[in-house]
Amino acid sequence: MVTMDKKKFDLSFWDLSGKSVVVTGAGRGIGKWVALGLACAGADVCVADINGKMASEVSHEINELGKKSMHVEIDISEPDAVSAMMNTANEYFGGLDVVINNAGVNVHKSAINVTHQDFNFVQNVNSKGVFFCSQAAAKIMIPARKGKIINTASTTAFLMRSGVPNSIYAMTKAGIVMLTKACAEEWARYNINVNGVAPGYMDTSLVAEKLQAPAVYKSIIESTPLRRIGQAEDLIGAFIFLASDASDFITGQTICVDGGRTIL
């Protein structure tokens, strides 16, 4: 009879102590939640963001939690800068265990009004940036024969039901779901897990203005079975789980953390 290893099945299975993590887009919003949440779970964190001041402030908060941290001001649409960041973090922490591709941008225009500049802006960060961050991480993780890559997707990868134009953003986030599957299949032989988290509407500054529109807010709440907007504590657990040893047999999956929006 097969028995469970009780020594492994305890809270240490979810403990991130000793693990080093890079989080992009970690200067505010979901990225900041995730960076601080993983630090609370024991991880050392490289805080990466295009806004260096915000990244520095989050890194300082992580230091105050008693964890090692560094910050990088970076535009992830620049592959050379991404490669340099991953190598720097690897050297600083003495290893690279987890990379969370969270940085993302959006342009709220109807599809008919999207310009070439709008298209390139969103694609360069949400698609090109995530791809080359994943590639740079894998180049470090493959020789180590281990690692976790977690991509922040969105429920817009699966549905459109908010009354807000999101054509380019939705396209890039759907692409992230498939990139997650493709990289998971390709890098599984190196013991690298690649998964995604697709948040629904979360209570961050990035969506505050959108939620102030009564019609939009009503549409979101009515299409969310749990009838509320997500909070930090609702989201962080999925990232901690996917970054921890508890998820070692999970790869190529995208977990929706959305109050049930995608089941309707």
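The values are calculated or read from the model by the stated rules, or taken from the named source; none is laboratory data. Just so you know, these numbers come straight off a predicted model, no measurement behind them. Quick reminder, even Gly has a Cβ in these numbers, built from the backbone with ideal geometry, and neighbours come from all protein chains shown. Ligands, DNA and RNA are excluded from the accessible area calculation, which covers all protein heavy atoms including side chains. Shrake-Rupley method; radii C 1.70, N 1.55, O 1.52, S 1.80 Å.
Just to verify a result, which residue in the range 247-264, among those that are outside any loop (DSSP other than H, G, I, E, B) and modelled with pLDDT of 95 or more, is least open to solvent (accessible area, probe 1.4 Å)? Quick ask: steps written out before the conclusion?
Going residue by residue through the range 247-264, those that are outside any loop (DSSP other than H, G, I, E, B) are 247, 254-257, 261-263.
Pick out the ones that are also modelled with pLDDT of 95 or more and you get 247, 254-257.
Details: SER247: 1, THR254: 35, ILE255: 58, CYS256: 49, VAL257: 24 Å².
Filtering the range 247-264 for residues that are outside any loop (DSSP other than H, G, I, E, B) and modelled with pLDDT of 95 or more, the one least open to solvent (accessible area, probe 1.4 Å) comes out as SER247.
Give all pairs with beta carbons closer than 9 Å in which a residue from the range 185-197 that is at positive phi meets a residue that is outside any strand (DSSP E or B) and basic (Lys, Arg); count only pairs at least 6 apart in sequence or on separate chains.
From residues that are at positive phi, the pairs are ASN191/ARG145; ASN191/LYS146.
Is there a residue in the range 81-102 that is surrounded by fewer than 24 Cβ atoms within 10 Å (Cβ to Cβ), of a type in the set (Val, Ile, Thr) and in contact with a helix residue (DSSP H, G or I) (Cβ under 8 Å, 6 or more places away or on another chain)?
Scanning the range 81-102, I find no residue that is surrounded by fewer than 24 Cβ atoms within 10 Å (Cβ to Cβ), of a type in the set (Val, Ile, Thr) and in contact with a helix residue (DSSP H, G or I) (Cβ under 8 Å, 6 or more places away or on another chain), so the answer is no.
Return a yes/no flag: does the range 209-217 have any residue that is modelled with pLDDT of 90 or more and of a type in the set (Ser, Thr, Tyr). Break it down into steps so the answer makes sense when it comes.
Let us first name the residues in the range 209-217 that are modelled with pLDDT of 90 or more, namely none.
The answer is no, given that none of the residues of the range 209-217 is modelled with pLDDT of 90 or more and of a type in the set (Ser, Thr, Tyr).
Is it fair to say LEU226 is among the aliphatic types (A, V, I, L, M), out of contact with any strand residue (DSSP E or B) (no Cβ under 7 Å at 6 or more places or on another chain), assigned to a loop (DSSP other than H, G, I, E, B) and open to solvent by 50 Å² or more (accessible area, probe 1.4 Å)? Outline the logic, then answer.
Numbers: among the aliphatic types (A, V, I, L, M): yes; out of contact with any strand residue (DSSP E or B) (no Cβ under 7 Å at 6 or more places or on another chain): yes; assigned to a loop (DSSP other than H, G, I, E, B): yes; open to solvent by 50 Å² or more (accessible area, probe 1.4 Å): yes.
So LEU226 fits the description; yes.
With (1) in contact with a helix residue (DSSP H, G or I) (Cβ under 6 Å, 6 or more places away or on another chain); (2) at pLDDT below 95 as the list, and SER110 as the residue in question, which single condition is left unmet?
Condition (1) is where SER110 drops out.
Give, as residue ranges, the helices (runs of 4 or more DSSP H) completely inside the range 1-93 that count at least 2 residues that are closer than 25 Å to ASP234 by Cβ and under 17 Å from the mean Cα position of the chain (by Cα).
Because the criterion is at least 2 residues that are closer than 25 Å to ASP234 by Cβ and under 17 Å from the mean Cα position of the chain (by Cα), the helices (runs of 4 or more DSSP H) in the range 1-93 that meet it are 29-40, 52-64.
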